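Here's the structure, in structure tokens; my notes come after.
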Amino acid sequence: MSRLPKYIEADDVKRVLKMTDLIPIIEKAMGNFSKGEDGGVVQPARSFIPVKKHAGSFIAMCAYSEKDETLATKLLTRYQENAGTGIPTHMSAIILFEPSTGELKSIMDGDVITSMRTAAASAVATKYLAPENSKILCILGSGDQARSHYKSLHHICNFEEVRVWSPTFKNAQDFSSQLKSKVCETVEEAVRGADVIVTATFAKQPIVEWEWVKPGAHINAVGAVNKKWQELSSELMQKSVVHVDSREAAMKESGDVIISKTEIFAEIGDLVNGTKEAQKEKTTVFKSLGMAMEDAVSAKLVYDKHMENQ
Ligand SMILES: NC(=O)C1=CN([C@@H]2O[C@H](COP(=O)(O)OP(=O)(O)OC[C@H]3O[C@@H](n4cnc5c(N)ncnc54)[C@H](O)[C@@H]3O)[C@@H](O)[C@H]2O)C=CC1
Ligand SMILES: O=C([O-])C1=[NH+]CCC1
């Protein structure tokens, strides 16, 4: 193997990474993660460095999976105030190592992977938890994650209607002109009657109330990645059956979980492994925070596919 790592840019990641390949790989990874030591996953809690002077944060996420033979770290910045400036709010690179020798294999764009693997994790949750014959999808937010979720969730359900709401009406209109959907003026209008709901916003205070949510609906809550922030009201969290990607991370990083003091029923991996039963008929929440393990398996897939084409 050459000692020079392969640099894989965003366009190449986009070219080789397909949602249909990614969803089952993320499903398996979530299952392995939730098996504890038997799953062969090592994923320490991620590090956050606040870049207070510039209202940003720097996040380092590492994982090793023995079963998947992948060892990687993602370095990511989250600068919310970039919104509307033309600079993305999240930017990242993934560094992939060869687990058998420790060699550096690749440095690749992490933006496409972050977008797609987060939406793939929600697709797995939706597969287990959405009501049968879900027809109406509601997306709150119109940014990067909103777009990738639109695409991934169509692999799971045959939606007849998609609704989008965003705090800036024009952004929702742009979303709707590119991805077939109906623009809603309020969160309540978007949420009422929806079977599957995605919250992919920068909200710091709850934007979704329990009484708007159709009984039995499934919610993928992707934003509010801070112990002081919430996208869902405490009542909604307490009355729903709550699932997370990692219990440990949720208890440390999720305001939706910590502030509401809700009980966590299961990790999505527990549903995959069959150690907890999916309760499709109940109102369910998947509180997603994102896992390094998801980046590691995605990066390996990208690397292997990219090298096949060299
Ligand atoms: N769970 C996970 O694995 C991941 C979570 N995220 C989180 O998902 C959320 C969305 O990320 P992206 O789509 O990449 O960001 P983006 O910058 O592309 O889009 C953000 C969206 O939030 C909306 N927004 C801004 N302020 C708001 C407010 N106060 N209330 C409601 N909506 C507001 C914006 O109008 C925009 O539609 C962020 O909180 C981000 O940190 C991002 C990556 C992975
Ligand atoms: O897992 C991830 O990449 C992120 N979670 C929150 C911001 C980015």
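For region 162-188, what are the residues that are more than 17 Å from residue 213 (Cα to Cα), touching a helix residue (DSSP H, G or I) at 6+ places or on another chain (Cβ under 8 Å) and near ligand 1 (Cβ under 10 Å from one of its atoms)?
Result: 166, 175.
The rows are residues; the columns are (1) within 16 Å of ligand 1 (Cβ to nearest atom); (2) over 20 Å from residue 25 (Cα atoms).
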position: 268; (1), (2): yes, no
position: 272; (1), (2): no, no
position: 282; (1), (2): no, yes
position: 290; (1), (2): yes, no
position: 296; (1), (2): yes, no
position: 305; (1), (2): no, no
position: 308; (1), (2): no, no
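Would you say residue 101 is open to solvent by 60 Å² or more (accessible area, probe 1.4 Å), under 17 Å from the mean Cα position of the chain (by Cα) and over 27 Å from residue 226 (Cβ atoms)?
no
With respect to residue 92, determine if the residue is within 26 Å of residue 251 (Cβ to Cβ) and within 15 Å of ligand 1 (Cβ to nearest atom).
Against the criterion (within 26 Å of residue 251 (Cβ to Cβ) and within 15 Å of ligand 1 (Cβ to nearest atom)), residue 92 qualifies.
Step by step: first the residues of region 53-89, then only those that are open to solvent by 40 Å² or more (accessible area, probe 1.4 Å) and among the polar types (S, T, N, Q), then the one that is nearest to ligand 1 (Cβ to nearest atom). Which residue is that?
The selected residue is 80.
Looking for something of a type in the set (Asp, Glu) and farther than 22 Å from residue 203 by Cα - is there at least one such residue anywhere in region 116-139?
Yes, region 116-139 has at least one match.
Please work out which residue is nearest to ligand 2 (Cβ to nearest atom), limiting yourself to region 222-243 and to residues that are under 17 Å from residue 266 (Cβ atoms) and of a type in the set (Val, Ile, Thr).
Of everything passing the filter in region 222-243, 242 is nearest to ligand 2 (Cβ to nearest atom).
For region 26-111, which fully contained strands (runs of 3 or more DSSP E) count at least 3 residues that are on the phi > 0 side of the Ramachandran plot?
Correct list: empty, since no element meets the threshold.
Name the one entry in 71, 17 that is in contact with an Asp or Glu (Cβ under 8 Å, 6 or more places away or on another chain) and at pLDDT 95 or above.
Exactly one residue qualifies, and that residue is 71.
Any residue that is in a strand (DSSP E or B) and more than 30 Å from residue 5 (Cβ to Cβ) - is there at least one of those in region 244-254?
yes
Mind telling me which of the residues 299, 266, 250 ends up being open to solvent by less than 10 Å² (accessible area, probe 1.4 Å), modelled with pLDDT of 95 or more and not assigned by TED's automatic domain parsing to the domain that holds residue 215?
On inspection, the qualifying residue turns out to be 299.
The values are calculated or read from the model by the stated rules, or taken from the named source; none is laboratory data. Just so it is clear, the model here is predicted, and its values are computed rather than measured. Here Cβ is always computed from backbone atoms with ideal geometry, including for glycine, and neighbour counts include all displayed protein chains. For accessibility, only protein heavy atoms count, side chains too; no ligands or nucleic acids. Shrake-Rupley method; radii C 1.70, N 1.55, O 1.52, S 1.80 Å.
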